[in-house]
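First the structure, in the form of structure tokens, and then the observations on it.
The values are calculated or read from the model by the stated rules, or taken from the named source; none is laboratory data. Only a predicted model underlies this, so the values are computations on that prediction, with no experimental measurement involved. Here Cβ is always computed from backbone atoms with ideal geometry, including for glycine, and neighbour counts include all displayed protein chains.
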Amino acid sequence: MPKDLIMLGKKFLPHLLFTAVCAVSSFSYAAEQPSVTMDRPGAGVKEMKEGDNVPDQYQRPSLALKDWKARHLSAPDENQQWVEIKGKYLLVDIPTGTIKQMVPKGKAHK
């Protein structure tokens with residue numbers, strides 16, 4: 001093997017390994033990110049995750065979890081509320097409907 005090729009390999013190998021590690025870790029993070037799949041009449045099936053918007057009804061005070069402390073959830077900010085959708089707790093920003101946090105029921109903060 002020519003010396004130039006060996007030098008080139010030594011120079012770029014650490015960069016290639018770093019890129020590969022970053023790619024694998026980002027895939028594993030995406031796989032761990034909780035989500036909720038909803039089938040809404042007229043809107044179809046949608047998978048929701050943090051950063052997405054919930055349907056309007058989950059912004060209503062009537063669906064807010066009043067006992068969030070008993071469920072070991074963090075205190076919502078002034079314009080936020082916890083709601084439960086399909087076995088997950090979602091912290092929702094009330095004015096925008098944006099999901100700020102999603103916690104599986106069995107993994108609520110302790």
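Quick check: anything in the stretch 46-55 assigned to a strand (DSSP E or B), under 19 Å from the mean Cα position of the chain (by Cα), basic (Lys, Arg) and modelled with pLDDT under 95? Among the residues of the stretch 46-55, at least one is assigned to a strand (DSSP E or B), under 19 Å from the mean Cα position of the chain (by Cα), basic (Lys, Arg) and modelled with pLDDT under 95, which makes the answer yes.
Residue pairs whose Cβ atoms lie under 8 Å apart, separated by 6 or more positions or on different chains, with the first residue in the stretch 89-106 and in contact (Cβ under 8 Å) with a residue 24 or more places away in the chain and on the phi > 0 side of the Ramachandran plot and the second surrounded by fewer than 20 Cβ atoms within 10 Å (Cβ to Cβ) and part of a loop (DSSP other than H, G, I, E, B), are 97/55. Residues in the stretch 58-75 that are in contact with a strand residue (DSSP E or B) (Cβ under 6 Å, 6 or more places away or on another chain) and not in a helix (DSSP H, G or I): 64, 65, 68, 73. Residues that are of a type in the set (Lys, Arg) and surrounded by fewer than 17 Cβ atoms within 10 Å (Cβ to Cβ) were ranked within the stretch 64-109; the one that is nearest to residue 46 (Cα to Cα) is 86.
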